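Down below is the structure, laid out as structure tokens.
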Amino acid sequence: MADDERAFKPKTEQEWLDALGAEAYRVMRQNGTERPFSSPLHQTGHQGEFLCKGCGTKLFDASAQFDSGCGWPSFDREASKGAMKEVLDKSHGMVRVEVRCAACDGHLGHLFPDGPTATGMRYCINGVCLNPQ
């Protein structure tokens, strides 16, 4: 498939809801958070890659996943530079770095500088936002 065929096409809110389902819509389009340990993707051992549920952008390779014990899928690096964008998040009385899909602007989770690997980073991602391939 050519790059221009994969280009993200904007959607109405109803189209997002229809495409994502209620829970993924709440998380990705309304900046929600899934309950910890509610996604089977928080467990490691997956093969392949993880794509954005909203648009199909490759976000992570399975080799970047690790068990952080936090209850959400955790990764130490993105699949390619620019796949996600970082936004300062001052909600809920905290200062964090939110990560969003660079292509469709879907909320994915947060980035913390406390990862146990050489990168020192922990992408804490809502599993409902990911399509494993």
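The values are calculated or read from the model by the stated rules, or taken from the named source; none is laboratory data. What you are looking at is a predicted structure, and each value in this text was computed from that prediction instead of being measured. Please note: Cβ atoms are built from the backbone with ideal geometry, for glycine as well, and neighbour counts cover all protein chains shown. The area values use the complete protein model at the heavy-atom level, side chains included, leaving out ligands, DNA and RNA. Shrake-Rupley method; radii C 1.70, N 1.55, O 1.52, S 1.80 Å.
The share of accessible area on the range 15-66 that comes from carbon and sulfur is 46 percent, using a 1.4 angstrom probe. The number of Lys pairs in the chain with C-alpha atoms less than 23 Å apart, excluding pairs fewer than 8 positions apart on the same chain, is 11.
Given the -39500 (n - 2.57) contribution per DSSP H run of 4+ residues, what per-residue ellipticity at 222 nm results for the chain, rounded to the nearest 500 deg cm²/dmol? Computed mean residue ellipticity for the chain: -4000 deg cm²/dmol.
Relative to the Cα centre, the charge distribution of the chain, modelled as +1 at Lys and Arg Cβ and -1 at Asp and Glu Cβ, gives a dipole magnitude of about 220 debye.
Would you mind working out the accessible area per residue for the chain, using a 1.4 Å probe, and quoting it in Å²?
54
Across the range 124-131, computed HN-Hα scalar couplings (Karplus, 6.51 cos²θ - 1.76 cosθ + 1.60, θ = phi - 60°) run 9, 10, 5, x, 5, 8, 10, 10 Hz from first to last residue, x flagging Gly and Pro.
Where does the Debye-calculated log10 I(q)/I(0) of the chain sit at q = 0.12, 0.14, 0.18, 0.19 Å⁻¹, using only Cα point scatterers of equal weight, no solvent? The computed values of log10 I(q)/I(0) come out as -0.43, -0.59, -0.99, -1.11. Between S91 and A118, the contour length at 0.36 nm per residue exceeds the Cα-Cα span by 6.8 nm.
With all protein chains present and a 1.4 Å probe, how do V87, V95 order by accessible area, largest first?
Details: V87 55, V95 110 Å².
Output order, biggest surface exposure first: V95, V87.
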